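Engineer: One structure coming up, written as structure tokens, with questions to follow.
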Amino acid sequence: MTKETHETSTPGRHTVAGNLRPLTLSDALFIFSVAILGGLLVFIIALGAVRAGADKHTALSLVILLLTVHGLMVLGVQAWWLRRRRISWQQLGLRRPTPRLLHLLWQIPVLLVSIALINMGFFVLTGRAESPDDAPNSDGWLANIGPDFFHPAMWAMVLLLITLLVPLWEEVLLRGVLYQSLRNRGWHLSLVILVSSLVFAIMHLAPPLLPYYLALGIGLGLLRAFHDNLWAPFIAHATLNFLVSGTVILALVGSV
């Protein structure tokens, strides 16, 4: 039975043995197209519901459901495509965790403080005060739901979506598929981190928060490079989303 080898002279550029094939940019483009088309479909359906007369809460419930389906669909398509193309999950960085992950105990706090300072500095330099609507609460819409939307099951679903599902498919796509395909093409590590971070920032469709998402993307990219696996950026991403979204949810629930 064949298996992937991990001997390499350059971190992040692993050789492939047996009948496995290396990850290419065409693989990344295909999976990205599926994710983008799925996101557009979510937007179109939600917009159609609003135009059809659905109230705010119904529309938001529909969006939450559709985003959940979208995340599962992207992960499913990635799994199907990788299997079809004989690409192992190990090539994406989903290798067995090592004690090196303990560095996250100091890396995550440093990342959080750095992002907060960068975001604060941006708003100070631009003279733009950060409003509650602009606060980085994962996908930027959570604070707009309102306390009257409170339901324990719904909030639990929102928290699971933002904390686990969204970081998982985003990290597999960006710091997994895109990152490794660019590395396999011989791109310099710094350029790979920058490009994947720009894509990460743009895909959130929140112009006022571009510096925040760009800084976060760079931080997650550095974690991907330092640990040479996908678990580190996923854990950091999930932790950040949990802290921010959990704080917003607690604030909204407390105002009921």
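The values are calculated or read from the model by the stated rules, or taken from the named source; none is laboratory data. Remember, predicted model here, so these are calculated numbers, not experimental data. Don't worry about glycine lacking a Cβ; one is built from the backbone with ideal geometry, like all the others, and counts go over all protein chains shown.
Engineer: Filter the range 106-145 down to the residues that are modelled with pLDDT of 85 or more and either of a type in the set (Asp, Glu) or in contact with a helix residue (DSSP H, G or I) (Cβ under 6 Å, 6 or more places away or on another chain) (or both), then identify the one that is surrounded by the most Cβ atoms within 10 Å (Cβ to Cβ).
Structural biologist: Here the residue is Leu111.
Engineer: I've got another one for you. Which pairs turn up if I take residues in the range 232-249 that are over 17 Å from Val110 (Cα atoms) and look for partners that are modelled with pLDDT of 95 or more and part of a helix (DSSP H, G or I) with beta carbon separation below 9 Å, at least 6 apart in sequence or on another chain?
Structural biologist: From the range 232-249, no pairs qualify.
Engineer: On to the next question. From (1) surrounded by 14 or more Cβ atoms within 10 Å (Cβ to Cβ); (2) modelled with pLDDT under 75, pick out the condition that doesn't hold for Thr15.
Structural biologist: Against the list (1) surrounded by 14 or more Cβ atoms within 10 Å (Cβ to Cβ); (2) modelled with pLDDT under 75, Thr15 comes up short only on (1).
Okay, residues lined up against (1) charged (D, E, K, R); (2) more than 20 Å from the chain's Cα centre (by Cα); (3) within 23 Å of Thr24 (Cα to Cα); (4) part of a helix (DSSP H, G or I):
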position: Ile36; (1), (2), (3), (4): no, no, yes, yes
position: Ile44; (1), (2), (3), (4): no, yes, no, yes
position: Ala59; (1), (2), (3), (4): no, yes, no, yes
position: Leu65; (1), (2), (3), (4): no, no, no, yes
position: Gly71; (1), (2), (3), (4): no, no, yes, yes
position: Ala79; (1), (2), (3), (4): no, no, yes, yes
position: Gln91; (1), (2), (3), (4): no, no, yes, yes
position: Leu104; (1), (2), (3), (4): no, no, no, yes
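Engineer: Out of the residues in the range 228-247 that are at pLDDT 95 or above and small (Gly, Ala, Ser), state the one that is surrounded by the most Cβ atoms within 10 Å (Cβ to Cβ).
Structural biologist: Applying the filter and picking the extreme gives Ala232.
Engineer: Can you name the residue in the range 208-226 that is modelled with pLDDT under 95 and not aliphatic (A, V, I, L, M) and is also farthest from the chain's Cα centre (by Cα) among such residues?
Structural biologist: Among residues in the range 208-226 that are modelled with pLDDT under 95 and not aliphatic (A, V, I, L, M), the one farthest from the chain's Cα centre (by Cα) is Pro208.
Engineer: Does the range 154-172 contain any residue that is under 25 Å from Ala79 (Cβ atoms), at pLDDT below 95 and outside any helix (DSSP H, G or I)?
Structural biologist: Within the range 154-172, none of the residues are under 25 Å from Ala79 (Cβ atoms), at pLDDT below 95 and outside any helix (DSSP H, G or I).
Engineer: A further question on this structure: Which residue is nearest to Leu60 (Cα to Cα), if the candidates are limited to the range 23-35 and must be in contact (Cβ under 8 Å) with a residue 60 or more places away in the chain and hydrophobic (A, V, I, L, M, F, W, C)?
Structural biologist: Filtering the range 23-35 for residues that are in contact (Cβ under 8 Å) with a residue 60 or more places away in the chain and hydrophobic (A, V, I, L, M, F, W, C), the one nearest to Leu60 (Cα to Cα) comes out as Ala35.
Engineer: Taking the range 176-186 only, how many residues are surrounded by fewer than 17 Cβ atoms within 10 Å (Cβ to Cβ) and not charged (D, E, K, R)?
Structural biologist: So in the range 176-186, the residues surrounded by fewer than 17 Cβ atoms within 10 Å (Cβ to Cβ) come out as 185-186.
The next check asks that each one be not charged (D, E, K, R); those that pass are 186.
Total meeting the criteria: 1.
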